[in-house]
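Below is one structure, written out as C-alpha cells; the observations come after it.
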Amino acid sequence: MLRGRVVLPEGQVVERVFASAAQAAGSWRWLPPLEGTVVGALLNYRGELGALGDALSAPPYQAPPKAPILYLKPANTRIGHNHDVVLPADVDGVWVGACLGVVIGRTAARVTARHAVDFIAGYTIVNDLTVPHASYYRPAIRHKCRDGFCPMGPWMVDRDDVPDADALDIAVRINGEIKQRANTSTLVRPIAQLLADVTAFMTLEAGDVLLVGMPENPPLARADDRIDIDIAHIGTLTTALVRHAQEASQ
C-alpha cells in the first residue's frame, strides 16, 4: 500500500492510502509523507567510499570511518513531491542525492541487525539536495540544510510491498535524461546493519526517516532543471529547481 499526505483543492490536509501509483494520480498538492526526524548517513555506498581512496588515511581524516557518519535534515528542508526548490542566490548548482528513506515504525533503541526489519514501517524516496563541498567530517549544515533541500515522497510504501530493499535500482533523470544509476546492493552497511549501528547510541521514533546514503558521483542540477528520482517498487519523486527572485530580476 502507498500512504501519503495531500492537500485537497479546498485546502484540507488529509492522509490517503492507495493501492497503486495509478490510483494516486490526482490534482492535489503532495506534502512530505512523514513528519519525523530525517537522519542521513554519509559514505555508505562502496563506490563513494572507494572513490576517496587513500585520502581518508591522510589529514585531517587519518583513517577511514569505523562508524556511520551521520547528519540531520531539519524541518525547514522538507517539502513534498512535485514542489519547487528555490536555489539560494549564492548557490549555482546542487548535488542530487538519490536516497532510499527507511521509515521507522516504532521506537527503535539498541536494535539488533537480526530484528531490524521489525522496526521498519516502509520506505520512501528522498532527494538529499546538497551544495557541493569537499569535507565529509565537518557538519555540513550550510551545505545540506537550506530551505527545501529535502524533497520527500511522493508516499511511503509499506515494508511488505518492497521485495528486497537491499537490492533496489535507483535512477536520476535531469530534464528527462538519465544522469545516474545505482543500486542499494552496494551499500557498505546494508539496511539492517545501518539501523543497528545508528540505534546503538541514538533512539529513533515512529515516523523518523533514516537515509541509507547518497550514491557516488551525484549529478549536478541547476536552476530551471527538473529532477526525477526513480526507485524500483517505490515510485518517482519529482522536484523542480527555480532561480532565487533576486537573481531572476537581474
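Tallying residues that are more than 23 Å from ILE120 (Cβ to Cβ) and surrounded by fewer than 17 Cβ atoms within 10 Å (Cβ to Cβ) within the stretch 138-170 yields 6.
Apart from one condition, GLU35 fits all of (1) at pLDDT 90 or above; (2) closer than 24 Å to VAL117 by Cα; (3) crowded, with 17+ Cβ neighbours inside 10 Å; the exception is (3).
Contact annotation: residue pairs with Cβ atoms under 7 Å, 6 or more positions apart or on different chains, pairing a residue in the stretch 104-123 that is closer than 23 Å to GLY153 by Cβ and touching a residue at least 60 places away in the same chain (Cβ under 8 Å) with a partner that is part of a strand (DSSP E or B) and of a type in the set (Gly, Ala, Ser), are ILE104/ALA121; GLY105/ALA121; PHE119/ALA108; TYR123/GLY101.
Listed here are the residues, each with its yes/no results for (1) touching a strand residue (DSSP E or B) at 6+ places or on another chain (Cβ under 9 Å); (2) touching a residue at least 40 places away in the same chain (Cβ under 8 Å); (3) in a strand (DSSP E or B).
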| residue | (1), (2), (3) |
| --- | --- |
| ALA171 | yes, yes, yes |
| ILE178 | yes, no, yes |
| ARG181 | yes, no, yes |
| VAL198 | yes, yes, no |
| GLY207 | yes, yes, no |
| LEU210 | yes, yes, yes |
| MET214 | yes, yes, no |
| ASP230 | yes, yes, yes |
| LEU241 | yes, yes, yes |
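If you scan the stretch 148-169, which residues turn out to be on the phi < 0 side of the Ramachandran plot, touching a Ser or Thr at 6+ places or on another chain (Cβ under 8 Å) and either modelled with pLDDT under 95 or not in a loop (DSSP other than H, G, I, E, B) (or both)?
We begin by selecting, within the stretch 148-169, every residue on the phi < 0 side of the Ramachandran plot; these are 149-152, 154-169.
Next, from what is left, pick out any that are touching a Ser or Thr at 6+ places or on another chain (Cβ under 8 Å): 149-152, 154-157, 165-168.
Listed by number, the residues that qualify are CYS150, PRO151, MET152, PRO154, TRP155, MET156, VAL157, ALA165, ASP166, ALA167.
Residue count for the stretch 184-232 satisfying the condition of being surrounded by 18 or more Cβ atoms within 10 Å (Cβ to Cβ), small (Gly, Ala, Ser) and out of contact with any Phe, Trp or Tyr (no Cβ under 6 Å at 6 or more places or on another chain): 4. Taking the criterion of being farther than 24 Å from VAL162 by Cβ, out of contact with any Ser or Thr (no Cβ under 9 Å at 6 or more places or on another chain) and exposed (fewer than 13 other Cβ atoms within 10 Å of the Cβ), the residues of the stretch 1-27 that qualify are GLU10, GLY11, GLN12, VAL13, VAL14, SER27.
The values are calculated or read from the model by the stated rules, or taken from the named source; none is laboratory data. Bear in mind the structure is a predicted one, so any value in this text is a computation, not a measurement. Backbone-built Cβ (ideal geometry, glycine too); neighbour counts: all protein chains shown.
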